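What follows is a short report on a single structure.
The values are calculated or read from the model by the stated rules, or taken from the named source; none is laboratory data. All figures in this text were calculated on a predicted structure; none of them were measured in a lab. FYI the Cβ positions are ideal-geometry reconstructions off the backbone, even for glycines, and counts take in every protein chain you see. Ligands, DNA and RNA are excluded from the accessible area calculation, which covers all protein heavy atoms including side chains. Shrake-Rupley method; radii C 1.70, N 1.55, O 1.52, S 1.80 Å.
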Amino acid sequence: MPNLPDVVLWSIPAFVLLTVIEVISYRLHPDEDAAGYEAKDAATSVGMGLGSLVFDFLWKIPIVALYTAIYELTPLRVPVLWWTVPLMLLAQDFFYYWSHRGHHVVRILWACHVVHHSSRKFNLTTALRQPWTTWTVWPFYVPLIALGVHPAALAFCSSANLVYQFWIHTERIGKLHPAFEFVFNTPSHHRVHHASQGGYLDRNFGGILIVWDRLFGSFVAETERPVYGLTKNIGTYNPLRVATHEYVAIAKDLRAARSWSERAGRVFRGPGWGPAARRAAAEEKPAAEEKPAVGKKPAVGDKPAVGDKPAVGDKPAVGENPAGEEKAAVTETAA
């Protein structure tokens, strides 16, 4: 078995130091437009990160056993050498892109990943807000194991990818050199990924490299300031509810479903999907409720003043899905 370091463990001191520096920077140079920090939100993110260590250990027992079985069955072997490690990192980042993208467009997978997008803040503690149900990730990396990559080497590459993504969860770093921005995932690209505006949704899935998004049509550059969180935010700091709220929503939708095809759609189609007829009925109902009874004249005081306009806040947010279910900002991955 390859003797590779535990990248995440060795990086913990850097995580702590960089987070302290970011907090101090907000104290010394506050930015009213930035999301910044909130004590409860940061505590929830850290709690989710600590919980993920426990649950990841439990999920890894059957996953490592399965990976090991596949590795023993394949005749292929990729040696761990100085020149193969960068190639394995490249391959892992490629499959990470598809894993990340899949976890945004398939609802049962989104139920896992939505945890990472549930904060309305965007700072270094947001990087620690990790899911507790990562059992949905392993199938995406089976091809690497089948090609002869040792499970320990895959774990090393996955950890390196996760560590890289820590520093891009910040608003304190603007756009970097154009050449770097073109190739690598950066804070600017990842801010787009965490935004909830319609034009930013489901974009910028890359882990280390952003070139995958450029190649596969999911890249969007940062042009307007992102609004972070979900299209319908959950409004809780309870780690257990943060970890499970989308699974609960799926269960409710399954109970209310009227056919097996709808049940399948509620699980395997995109977040926010619903039968077209029911969506149309939901949209028509408010209009019907507002229509005055036939022959009834509105009271004099009910007549709106000339020039009155509806409040800006009455307009639904751009990209908000009509079914009202949560969809995170995407516009990479992670994690």
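Condition check for F140 on (1) in a helix (DSSP H, G or I); (2) open to solvent by less than 40 Å² (accessible area, probe 1.4 Å): one failure, at (2). Only one of the numbered conditions (1) closer than 26 Å to V192 by Cβ; (2) assigned to a loop (DSSP other than H, G, I, E, B); (3) at pLDDT 95 or above; (4) among the charged types (D, E, K, R) is not met by D31, and that is (3). Within the stretch 78-107, residues that are over 23 Å from L215 (Cα atoms) and of a type in the set (K, R) reach partners that are open to solvent by less than 30 Å² (accessible area, probe 1.4 Å) and part of a loop (DSSP other than H, G, I, E, B) with beta carbons closer than 6 Å, at six or more positions or on different chains, in the pairs R107/P271. Within the stretch 31-87, being over 15 Å from A155 (Cα atoms), hydroxyl-bearing (S, T, Y) and under 26 Å from the mean Cα position of the chain (by Cα) holds for Y37, T44, S45, S52. For the stretch 51-76, a residue qualifies if it is among the β-branched types (V, I, T) and in a helix (DSSP H, G or I), and the qualifying residues are V54, I61, I63, V64, T68, I70. When the stretch 77-112 is limited to residues that are touching a Pro at 6+ places or on another chain (Cβ under 6 Å) and not in a loop (DSSP other than H, G, I, E, B), the one that is surrounded by the fewest Cβ atoms within 10 Å (Cβ to Cβ) turns out to be C112. Being at pLDDT 95 or above and assigned to a loop (DSSP other than H, G, I, E, B) is the requirement here; does A221 meet it? Considered against the rule, which asks whether it is at pLDDT 95 or above and assigned to a loop (DSSP other than H, G, I, E, B), A221 comes out as yes. G51 falls short on exactly one of the conditions (1) open to solvent by 30 Å² or more (accessible area, probe 1.4 Å); (2) at pLDDT 95 or above, and that condition is (1). Residues in the stretch 4-29 that are open to solvent by 50 Å² or more (accessible area, probe 1.4 Å) and more than 19 Å from L162 (Cα to Cα): V20, I21, V23, I24, R27, L28, H29. What about H100, is it under 25 Å from R172 (Cα atoms) and under 19 Å from the mean Cα position of the chain (by Cα)? Against the criterion (under 25 Å from R172 (Cα atoms) and under 19 Å from the mean Cα position of the chain (by Cα)), H100 qualifies.
Let's see how each residue does on (1) loosely packed, with under 13 Cβ neighbours inside 10 Å; (2) assigned to a loop (DSSP other than H, G, I, E, B); (3) under 14 Å from the mean Cα position of the chain (by Cα):
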| site | (1), (2), (3) |
| --- | --- |
| D202 | no, yes, yes |
| W212 | no, no, no |
| Y237 | no, yes, no |
| R241 | no, no, no |
| T244 | no, no, no |
| K252 | yes, no, no |
| G270 | no, yes, yes |
